[in-house]
Every structure is written in C-alpha cells, then in structure tokens.
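Each reported figure results from applying straightforward, stated rules to the coordinates on display, with no laboratory input. Since the model is a prediction, treat every value here as computed from it, not as a measurement. Virtual Cβ from ideal backbone geometry, glycine too; neighbours counted across all protein chains shown.
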Amino acid sequence: MDLPRPELALVPRPRRLSARSGRFRLDRTTRLRVTPGAGPAAVLLRTLLAPATGLPLDSAADGAFVLALDPALTGLGDEGYGLTVSPQGVLLRAARPAGLLRGVQTVRQLLPYEALSGRPVRGVPWELPAVEITDVPRHAWRGSMLDVARHFQPVSYLRRYVDLLALHKLNVFHLHLTDDQGWRMPVAAHPRLTEVGGRRAESMVGPAGSDRFDGVPHGGSYTRAELRALVAYAAERGVSVLPETGVPGHVRAALAAYPELGTDPARRLDVWTHWGVCENVLGTGENVLDFFRTVLDEVMDVFPSPYVHIGGDEVPTTEWELSPSARARAAREGLAGPRALHPWFIARLAEHLVRAGRRPVVWAESGVALPLDCTVMSWRDPAHARAAALRGHQVVHADHRATYFDYPRGAGPGEPPAQPGVVVDLRAVHEVDLAPPTPQAASRVLGAQGQLWTEFVRTPEHIEYLTFPRLCALAERVWDGTSGWRDFTARLAGHRARLDALDVPHAAPPPGPPVSFPHTPHHPSTLPLGRESYRKDPA
Ligand code: ACM
C-alpha cells in the first residue's frame, strides 16, 4: 500500500505533543514494567497489538516500556496521561486507570498503521517515533449512540464498534435497545418483551410515510450474559455502556407484547413495521409504572453505568387526551392537563433511578420541564442544551444537524438512501457547537455524542460507511476541541491508513451536484410538543 506514514497524525489530537529525535523499537525482547494498578492497561496493550505484531510484551521488573499509575499526577484528571518515547524506552503515566487506557490507544496510533490489522503482519519494524505527549480531554462525555432496535446487530459486531470508539478515545457507548420496531433488552420478569417485542413482520421501504414494505421478518434480542460480557469488554477499553430503554413513547414493541401497558388495554397492536413517530404511548396507571420500574431494575442489574437513559423523545399526547383514565391521572396529580403527563411520567422513572443511585438521561423536547437530576441530551436544537444548562441540568450535545450520522454524508446523487432532511457533512460534525451559555454553566456541559439511527441501516458495512470518518471529527471535537479544519483534515488524511488497516470504510462521499431531498424539514424547535417530528415523518 502506498500511503503516507501517519506517525504523528493522531486523531484526536493530543493537547501537547513535541517530536523528539530517534525511535524506540518494540520486538520480541521488549518487556513491560507494570506498576500496581496498571495491569489492565498492560493487558489491553498486549491484546490490541498481538494480532498484527505477535509480540508477547511480557512483564519484567526491568522492562523498558513502563506503564505507571501515579495518583499524584492530579493535573491529568481521570483520563489524561503523559507519554514519553525515547530510543531507550517508553514511559506511559496516568493518575487513573482510564488515563492509561487512553495512552495505550495513542501508542497504538504512533506505531506503523499495520499494527492495527487483525491479521499477522510480517516485515514491518514496530517502531515508535520519539515523542513527548501530555494529553487531557476537554470533555468528559464523548459518546456514540447505535440504534439496535430498528435493526438488530449481534453482540460480536457491538464489540468491534466498541473497539472503534476506544481507538478514538470515546468513552460512552449509548445502546438504543428499545423502540416501536423492536425490543432487544432481555427482561426476565417480562419475557414477552423480547419474545414478542423482539420480532416484527416486515419493514417499511423508504422513509416514513412510504406505502411499501419489504415482506421480510426482522428480529433479534440479547441475552443477559451477552450484555454483561459486552459491558466487561467495553470497560477493559475504558468505555461505559449507556443503556436506553425509552418511555413513554417509542414503545409500540412493548405494547405488542403487553397490551395492558397501553392507554387501551383491550387493543391488540403489532410490533411496528413503519418508520416515523408512532402515536401509541404508555398508559399512566400504577401497573405501568411498576412494570417499567422492574425493567429498569433489570437494566441496572446488567449495566453498571452511572447514567441510565429513559428516552422521553417524541411523545404524541393524543392518546392521553382521549383516555379518561389518563385525564383522571392528570387531574389527580394536579397537572395542567394530559400533556403534562409527559414530564410527569419521566419524573416517576427518573426518581426510581435516582433512589438507586443512578443518573437518569432524557432526550430534550422543547417545552418539557424535566427534574433537575435528569441529564439532558439535546437533539433538536443546541439552544435547548444551553437553556437546560442554565436551568442547572447536566447536558450532552446531540444536535441532529451536527451529530446525526443517519443523515447523508454529502449531497451527491451517489449517496445511499439515508434519513431525509439535512446533510451532515464532515465539517458540520467538526464544528458541532459545544459552547456553554455562561462560564458558570461550563461544568454542566458534559460533552457530545454521535447518533446512528438505523431505519435504513441493516449491515455493519453500512453502519461504518455512515459513521466514518464523521466519528473521527466528533472525537476530535470532544477530546481536543480547538483544532482548526485544515489541521484536522491533514491529520485525518494520515489516519485513513489506520481505518484501512481495520477494514473500516471511510471514502469521501461521491461528488456531484446537490440533489433536493424529497422531504423538506420543518424547523424542529417550532414544532408543537407531541407532534410528529420533522425528522422521522416529514410532512
Ligand atoms: C430523536 O431523534 N428522536 C431523539
């Protein structure tokens, strides 16, 4: 392959990097000196380098490659690290174990790109350029969401996805486990959720509102053992798995499994085969709250993440307005009307999580006042993130115009079918707006994440086509936050050799004149609450 050697073209860019002269060579004689607490980083280094290099990297008290945990290095925070490479040795230091894991990924990127291959590579000298790096992330929340509800992916693929996040120093894998079209989370107390809710008869072809279906059943769900193993695998890479089981909308699969959860318990619904915003929502009885408290108990049992996502987006309130029992519930709770059942419902489950010592995460819908202990994930408009931060919420930016990877990467006619609406090109991602509303609120802006909704995305190849290289730009923004466009794209040009070595597709989108998409987006913030979103079901 005739590609430029990326070497110092690191993505994301380290906070401080100085090139030194000389190189350090890793070979079969290289030993690791591992100080107490640095063991997991040594294991990760060996695991990541073994397939291509075959190097044993055994431990020895006088090893030239030192992995050191030193809690006195307080300036590095939870995830920062220092890395010194000289011709004599390597010193990777951090105050906390996660910092060492980030540093391992930097070592991996400094090696020849062939080191990232999953196959044995011969004839490449495994050399690191001499360098001095001090690196600390700007944002604590650096995430990526994958929707496995619309199209299921096996856990073997989720492990690869975690590896790709970790390579880019992302630390949150948001797993969107339930939606109208499928329920993938095993719940022992309510097995029909996956038995019935995990399968749909067919899928809509084309965007929401289309009248064509593919006639092909789709299904899948995880076991607890698979998810626990995924959590452990991610933790070894410094990635936390954020589970999302959404309420009180996007629940059609749950309603198909347990009709008594709905506003009309006598009604029988199928797992939804359409795309768009489904009007069916949960009922507001105590039985429904108890059911979902149990679901969350099982979610918390499998996922140790401090944060637990409970959805909260796109909740049409028509069914509540028509339901005598929902109207009675609203009156009993002293609410202004059935619409207020939306934040009320979320608050009931949020308090359940808080009592269990977890932090609820909720998608921001304009106009919905959430309890302050909810972390707000803002997707419609960055103004919602700023308003929430001012109110005192922790916020995560997920602006659809900059972080939704289901939108096309470019406007050319050669792009595969994607979510209609806007184009999210690489530059839009690189420029995602994370500015806090005031300096005082800065600490409440946790960071940002990419989202891949999968209505149109069935295969790992398609997932990666849409995700890369946009995820690289997101990682750059949340880790470093200061690089200019030209600096980033110059480094990305080198980084592409690494993506190639990993068989990740990353080509530029096909050129061509802009096409007009068949649907014109509304401005999301002007939509009345509970109406169908511009995004899922453009008028
Ligand atoms: C969303 O896109 N409904 C969060």
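Note on the range 318-376: Cα-only Rg and Dmax are 12.4, 36 Å. Note on the range 351-505: Cα convex hull, mean projected area over all directions, 11.0 nm². Here the peptides 401-412, 183-194 are ranked by packing, the mean other Cβ count within 10 Å, and the order with the highest first is 401-412, 183-194.
Only bridges with both residues in the chain count here: give the DSSP antiparallel percent, nearest 5.
Antiparallel bridges: around 35 percent, rounded to the nearest 5.
Which of the three applies to the range 199-244, rounded, prolate or oblate, going by the alpha-carbon gyration tensor with a ≥ b ≥ c and a/c under 1.5 meaning rounded? Prolate shape, in that a/c is at least 1.5 and a/b is the bigger ratio.
Among ILE133, ILE310, the order by Cβ neighbours within 10 angstrom, fewest to most, reads ILE133, ILE310.
For the listed peptides 502-508, 373-379, a ranking on the average number of other beta carbons within 10 Å per residue, highest first, reads 373-379, 502-508. In this structure the amide hydrogen of SER240, modeled in the peptide plane, comes within under 5 Å of the amide hydrogens of VAL172, PHE173, none closer than 5 places in sequence on its chain. Stokes-Einstein at 4 °C, 1.567 mPa s, Kirkwood radius from Cα pairs: D for the chain in µm² s⁻¹? My calculation gives 54 µm²/s for D. Couplings for the range 45-51, taken from phi via the Karplus curve 6.51 cos²θ - 1.76 cosθ + 1.60 with θ = phi - 60°, read 4, 4, 4, 6, 8, 4, x Hz in order; Gly and Pro are left as x.
Taking the charge dipole of the range 136-285 about its Cα centre, with +1 at Lys and Arg Cβ atoms and -1 at Asp and Glu Cβ atoms, the residue from ALA235, SER144, GLY209 reaching farthest to the positive side is ALA235. Using the average count of surrounding beta-carbon atoms within 10 Å as a protection proxy, the listed peptides 415-423, 117-125 rank, highest first, as 415-423, 117-125.
Across the range 449-463, computed HN-Hα scalar couplings (Karplus, 6.51 cos²θ - 1.76 cosθ + 1.60, θ = phi - 60°) run 8, x, 10, 10, 7, 10, 3, 9, 10, 9, 10, x, 4, 5, 3 Hz from first to last residue, x flagging Gly and Pro. When +1 charges are put on Lys and Arg Cβ atoms and -1 charges on Asp and Glu Cβ atoms, the dipole computed for the range 158-255 relative to its Cα centre reaches about 260 debye. With R₀ fixed at 30 Å, the C-beta to C-beta distance from ALA201 to GLU226 puts the FRET efficiency at about 0.75. Each 5 Å bin from 0 upward holds the following percent of the Cα-Cα pairs of the range 449-514: 4, 14, 23, 23, 21, 11, 4. Under 1.5 on a/c is rounded, so check that first for the range 1-103, then, if it is not, pick prolate when a/b is larger than b/c and oblate when it is not; a ≥ b ≥ c are the square roots of the alpha carbon gyration tensor eigenvalues. It is oblate, given that a/c is not under 1.5 and a/b is not larger than b/c.
With an a/c value of 1.5 or above and a/b not larger than b/c for the gyration tensor axes a ≥ b ≥ c computed over the alpha-carbon atoms, the range 39-159 is described as oblate. Computed from label points 7 Å out along Cα-Cβ, the spacing between ALA507 and ARG138 is 3.2 nm.
Can you compute the helix-only [θ] at 222 nm over the chain? Use -39500 (n - 2.57) per DSSP H run of at least 4 residues, normalise by all residues, nearest 500 deg cm²/dmol. Kindly include the intermediate steps, with their values, before the conclusion.
Numbers: 16 runs with 165 residues, N = 539.
Value at 222 nm, helices only: -9000 deg cm²/dmol.
Could you work out the Rg to Rh ratio of the range 192-340, with Rh taken as the Kirkwood radius (inverse of the mean 1/r over all Cα pairs)? Result for the range 192-340 is an Rg/Rh of 1.01. In the chain, the longest principal axis of the Cα atoms and the axis of helix 286-302 are about 10 degrees apart.
Could you tell me the calculated FRET efficiency between ARG332 and ALA493, based on Cβ-Cβ distance and R0 = 60 angstrom, to the nearest 0.05? Computed FRET efficiency for ARG332 and ALA493: 0.45. Considering only GLY220, VAL85, GLY249, the residue lying farthest towards the positive end of the dipole of the chain is VAL85, judged by Cα position with unit charges set on Cβ.
On the principal axes of its alpha carbon atoms, the range 24-72 extends 34, 20, 16 Å, with the longest extent given first.
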